[in-house]
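What follows is a single structure, written as structure tokens, with notes after it.
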Amino acid sequence: MNKININLAVTGLNNTDNPGPGIPVIRAIRESGSFNVRVIGLAYETLEPGIYMTDMVDKVYMVPYPSEGSEALIQRLEYINSVENIDVLIPNFDAELFTFMKSAQKLEEMGIKTFLPTLKQFEERHKSNLPEFGKRYNLHVPKSSPVLDRKDIGEIRKEYEYPVMVKGKFYDAYIAYNEEQVKMHFNKISAKWGLPVIIQEFIKGTEVNVVALGDGKGNTIGAVPMRKQYITDKGKAWGGISLDAPDMLDLTHHIISATKWRGGMELELIRTEDDKLYVIEINPRIPAWVYLAVGAGQNLPEALVKLALGKEVKPYKSFDVGKMFVRYSYDMIVDLEKFEQISTKGEI
Amino acid sequence: MVQDLNIFIPAKFKRKDMKLKKNIAVSESGFIFDPSTGESFSMNNIGTEIVEYLKQDKSFEEIKKSMLEKYEVDSTSFEKYYYDFINSLQQLKLIVDE
């Protein structure tokens with residue numbers, strides 16, 4: 001089979017204890033039989049470990065934070081593209097997606113292809129919009145309310161029973177057993193991720209997840225359900241196992257078909273004691289544990305790149321149940337010159 | 001963490017035949033994996049033997065007969081241990097009522 005030559009730009013090189021999906025995505029695409037790939041890493045911070053993984057990235061550029069606005073990002077990408085001639089870009093952070101989605105047309109004009117959810121899809125599945133989302137698509141969802149002002153926290157007890165979940169609009173989720181704890185988490189989350197902070201009904205059960213890819217026409221290209229077996233204090237999966245859970249796949253197909261979901265997706269679900277599945281979050285991107293899906297037989301990042309390139313992709317029909325991933329940490333030795341180069345020149 | 005599932009604890013009495021959930025995988029070493037939940041458990045030899053019988057759809061009477069022939073245990077004690085073990089399996093949603 002003739003391999004396709006591509007220049008692929010990827011963000012999310014933060015392979016830390018709160019890992020971004022960049023490195024697993026790159027690993028999946030490097031292992032794909034379909035591409036000869038040159039990987040251009042895009043990093044926000046100079047100590048993102050992926051910057052220094054020379055077997056994963058061919059070149060890395062620093063890019064401005066999404067908070068600096070789409071203009072600054074596009075300017076930087078124009079420069080990077082003039083050197084690298086990027087074919088496909090896979091953004092991997094929730095916080096940057098909006099900027100990339102808004103700039104999709106501009107990127108297209110630059111010859112850079114993406115395969116992202118539409119703005120409507122992105123907006124309607126927001127944590128603060130989850131109750132309406134559940135109603136619209138007939139899903140079990142927890143009651144959720146956005147809180148914009150610290151002084152409204154006292155009102156929570158009128159509508160919710162403690163404990164409640166306190167969540168950031170992009171990341172972070174904490175359980176709070178009383179008003180004081182809500183205030184503490186509200187301060188921490190709002191300082192980091194801004195407002196609103198979301199108060200969510202606590203659903204008792206087992207957390208299970210699905211990684212999936214929609215083709216934008218209502219078809220599910222692939223989906224693998226997983227249960228976290230080892231969870232870090234940041235709530236991240238450090239080990240997990242693929243499941244034989246037809247009801248989770250049915251739910252995924254339903255959501256992708258009803259929303260005509262385009263791109264990668266992670267469903268965060270709670271299975272209650274009576275086997276109901278509650279949708280607690282829909283992340284509009286590939287999750288950091290995506291390599292489990294690859295190991296189980298579904299190379300979803302490869303399929304996403306093919307979709308971005310406008311190629312026809314046949315849906316995956318099966319995957320291996322009982323495949324596990326176990327994450328590990330590893331110390332790379334890095335010469336100071338490399339750190340100096342990325343810090344001062346913004347590229348390496 | 002893999003939970004131990006041994007057959008030692010006193011039990012409540014309950015008389016009905018049970019079936020192992022269809023897709024449960026049991027290895028010779030006594031490792032049980034429930035692919036629908038991702039949970040896994042380990043059993044001692046006697047637990048493994050009983051689960052093997054359940055997989056073969058043997059009735060309680062058939063299992064009791066085999067076990068009494070093989071082990072030095074009286075019928076009442078076996079029944080007590082057996083149903084306690086079954087209760088554990090039931091709580092872990094590894095078996096379904098006949």
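Just to verify a result, which residue in region A:258-286, among those that are within 20 Å of the chain's Cα centre (by Cα) and within 14 Å of chain B (Cβ to nearest Cβ), is nearest to A:Ile221 (Cα to Cα)?
Here the residue is A:Leu269.
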Residue ID - nearest to the other protein chains (Cβ to nearest Cβ), chosen from residues in region B:31-49 that are crowded, with 22+ Cβ neighbours inside 10 Å and among the aliphatic types (A, V, I, L, M): B:Ile32
Out of B:Lys21, B:Lys70, report the one residue that is basic (Lys, Arg) and either at pLDDT 95 or above or touching a strand residue (DSSP E or B) at 6+ places or on another chain (Cβ under 8 Å) (or both). B:Lys21
Quick check: anything in region A:166-174 open to solvent by less than 40 Å² (accessible area, probe 1.4 Å) and basic (Lys, Arg)? yes
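Any idea which residue in region A:287-299 is least open to solvent (accessible area, probe 1.4 Å), counting only those that are among the aliphatic types (A, V, I, L, M) and under 13 Å from the mean Cα position of the chain (by Cα)? Walk me through it before giving the result.
Just the residues of region A:287-299 that are among the aliphatic types (A, V, I, L, M), to begin with: A:288, A:290, A:292-294, A:296.
Keeping just the survivors that are under 13 Å from the mean Cα position of the chain (by Cα) gives A:288, A:290.
On the way: A:Ala288: 20, A:Val290: 0 Å².
Ranking the candidates gives A:Val290 first.
Pick from region A:44-73 the residues that are among the hydrophobic types (A, V, I, L, M, F, W, C) and crowded, with 18+ Cβ neighbours inside 10 Å: which of them is modelled with the lowest pLDDT?
A:Leu73
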Find the residue count for region A:258-273, including only residues that are under 10 Å from A:Gly214 (Cα atoms) and crowded, with 24+ Cβ neighbours inside 10 Å. 4
Go through A:Ile189, A:Ile255, A:Ile153, A:Ile199 for me and flag whichever is at pLDDT 95 or above, away from chain B (no Cβ under 14 Å) and open to solvent by less than 10 Å² (accessible area, probe 1.4 Å). A:Ile255
B:Ser77 being open to solvent by 30 Å² or more (accessible area, probe 1.4 Å), part of a helix (DSSP H, G or I) and among the polar types (S, T, N, Q): yes
Being touching a residue at least 60 places away in the same chain (Cβ under 8 Å), among the β-branched types (Val, Ile, Thr) and more than 23 Å from A:Gly297 (Cα to Cα) is true for just one of A:Val10, A:Val60, A:Val25, A:Val83. Which residue is that? A:Val60
Hits in region A:202-214 - residues which are over 19 Å from the mean Cα position of the chain (by Cα) and open to solvent by 30 Å² or more (accessible area, probe 1.4 Å): A:Phe202, A:Lys204, A:Gly205, A:Thr206
Members of region A:215-234 that are within 16 Å of the chain's Cα centre (by Cα), of a type outside the set (Lys, Arg) and either within 14 Å of chain B (Cβ to nearest Cβ) or open to solvent by 30 Å² or more (accessible area, probe 1.4 Å) (or both): A:Val224, A:Pro225, A:Met226
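Determine which member of the set A:Lys276, A:Lys317 is open to solvent by 30 Å² or more (accessible area, probe 1.4 Å) and within 17 Å of A:Ile256 (Cβ to Cβ).
On the way: A:Lys276 fails: within 17 Å of A:Ile256 (Cβ to Cβ).
The match here is A:Lys317.
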Report, by residue number, each residue of region A:171-227 that is polar (S, T, N, Q), in contact (Cβ under 8 Å) with a residue 40 or more places away in the chain and under 16 Å from A:Arg157 (Cβ atoms). A:Gln200
So in region B:20-30, with the set limited to residues that are open to solvent by less than 30 Å² (accessible area, probe 1.4 Å) and more than 14 Å from chain A (Cβ to nearest Cβ), which one is farthest from B:Lys70 (Cα to Cα)? B:Leu20
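Kindly indicate whether A:Leu97 is touching a Lys or Arg at 6+ places or on another chain (Cβ under 8 Å) and either open to solvent by less than 30 Å² (accessible area, probe 1.4 Å) or part of a loop (DSSP other than H, G, I, E, B) (or both).
Values: touching a Lys or Arg at 6+ places or on another chain (Cβ under 8 Å): yes; either open to solvent by less than 30 Å² (accessible area, probe 1.4 Å) or part of a loop (DSSP other than H, G, I, E, B) (or both): yes.
For A:Leu97, the condition - touching a Lys or Arg at 6+ places or on another chain (Cβ under 8 Å) and either open to solvent by less than 30 Å² (accessible area, probe 1.4 Å) or part of a loop (DSSP other than H, G, I, E, B) (or both) - is met.
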Going residue by residue through region A:18-28, is there one that turns out to be more than 19 Å from the chain's Cα centre (by Cα), open to solvent by 30 Å² or more (accessible area, probe 1.4 Å) and of a type in the set (Lys, Arg)? no
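Checking the structure you have, find out if any residue of region A:324-339 is more than 14 Å from chain B (Cβ to nearest Cβ), part of a loop (DSSP other than H, G, I, E, B), of a type outside the set (A, V, I, L, M) and touching a Pro at 6+ places or on another chain (Cβ under 8 Å). Let's see the steps before the verdict.
Let us first name the residues in region A:324-339 that are more than 14 Å from chain B (Cβ to nearest Cβ), namely A:327-339.
Going one step further and asking which of them are part of a loop (DSSP other than H, G, I, E, B), we end up with A:327-335.
Now drop any that are not of a type outside the set (A, V, I, L, M), which leaves A:327-331, A:335.
With touching a Pro at 6+ places or on another chain (Cβ under 8 Å) added as a condition, the list becomes A:327.
Yes; the residues of region A:324-339 include at least one that is more than 14 Å from chain B (Cβ to nearest Cβ), part of a loop (DSSP other than H, G, I, E, B), of a type outside the set (A, V, I, L, M) and touching a Pro at 6+ places or on another chain (Cβ under 8 Å).
The values are calculated or read from the model by the stated rules, or taken from the named source; none is laboratory data. If you're wondering where the values come from, they're calculated on a predicted model, not measured in any experiment. Please note: Cβ atoms are built from the backbone with ideal geometry, for glycine as well, and neighbour counts cover all protein chains shown. Areas reflect the complete protein model, heavy atoms only, side chains present, ligands, DNA and RNA absent. Shrake-Rupley method; radii C 1.70, N 1.55, O 1.52, S 1.80 Å.
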